[in-house]
Amino acid sequence: MLGLDPALFWFVFAVTGIAGFVKGAVGFAMPMIMMSAFASVMSPQLALAALILPTLVTNIVQAGRQGVGAASGSIRRFRWHIAMVCIFIVVSALFVRSVPQSLMYLTLGVPIIAFAVWQLSGRPLRLPIGRTRRAEIWSGIIGGLYGGISGIWGPPLIVYLLSIGVSKTEQMRVQGVVFLLGAVVLFVAHLFSGVLNASTLPLSAILVLPGLAGMLAGLWVHDRLDVDQFRRWTLVLLVLTGLNLVRRGLEILAC
């Protein structure tokens, strides 16, 4: 099935649906969940290719939920972060094939664990921001460099948004807008890098279906249930998936 063993295909299909559900409920973590799970059963390059189209489509839904006008306003307000993410995704995507697998696993796993554990500890994840534009630019650069290699550029944005205290609705929308624009750049960049090709595009395309279905279900939950409690369970899942990535990275180093 699309070059995968049937059991592996349905595992990937199910993980994408779960990741979409989490994204709909809390607004982020879809590529982190997908990459963490996929990287344990396939090469990092194939895992990255598989998540690109589901991430792109679900971000279209999230960014446009309050309408085009609201999304445009978010683009204007956070234009520096968006510009840096787009530029540095392209820069780092050029080096995706030269990054050692063990380093990719570890650099994905450790920040995911740190972010999730810090949030679960109950301490606010805030940065002392003296100059907002400077922090916005640096968060975009870090997110872009990380995103081109791993397909994940959300954590720096989330830290920044928490630091400036945006509302829940605006945070969901801004995340969707930034993730969408970054996903478009990631898609184009990896068409040129070769990660997305005739072999990997069909898998990525079919995974749009569970990703979108999961996200729509997650949005239903987001509107009706206690999102804070659900987010707590999401962070527990991120700790577990991050630990799995670190385990894989250490295994490769030991070989």
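The values are calculated or read from the model by the stated rules, or taken from the named source; none is laboratory data. Keep in mind the model is a prediction, meaning the values are calculated, not measured. Please note: Cβ atoms are built from the backbone with ideal geometry, for glycine as well, and neighbour counts cover all protein chains shown.
Remarks
- Taken together, S163, S139 contain a single residue that is in contact with a Lys or Arg (Cβ under 7 Å, 6 or more places away or on another chain) and assigned to a helix (DSSP H, G or I), which is S163.
- Per the listing S92, S102, the residue uniquely among the small types (G, A, S), modelled with pLDDT under 80, part of a helix (DSSP H, G or I) and surrounded by 14 or more Cβ atoms within 10 Å (Cβ to Cβ) is S102.
To keep it simple, each residue is scored yes or no on (1) buried (at least 21 other Cβ atoms within 10 Å of the Cβ); (2) over 22 Å from A71 (Cβ atoms); (3) not polar (S, T, N, Q).
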position	(1), (2), (3)
G165	no, no, yes
G176	yes, no, yes
L186	yes, no, yes
A205	no, yes, yes
V221	no, yes, yes
F230	no, yes, yes
V239	no, yes, yes
R247	no, yes, yes
L253	no, yes, yes
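- Condition met for I33 (at negative phi and touching a Leu at 6+ places or on another chain (Cβ under 9 Å)): yes
- Qualifying residue in the range 63-71 (condition: part of a helix (DSSP H, G or I) and buried (at least 24 other Cβ atoms within 10 Å of the Cβ)): yes
- Looking across the range 130-157, the residues that are modelled with pLDDT of 80 or more and of a type in the set (A, V, I, L, M) come down to A135, I137, I141, I142, L145, L157.
- Test: residue in the range 210-224 that is out of contact with any His (no Cβ under 8 Å at 6 or more places or on another chain), among the basic types (K, R) and modelled with pLDDT under 90: yes
- Matching entry among L53, L48 (being surrounded by 24 or more Cβ atoms within 10 Å (Cβ to Cβ), in a helix (DSSP H, G or I) and of a type in the set (A, V, I, L, M)): L48
- Test result for A83, assigned to a helix (DSSP H, G or I), without any contact (Cβ under 8 Å) to a residue 60 or more places away in the chain and farther than 17 Å from P202 by Cβ: yes
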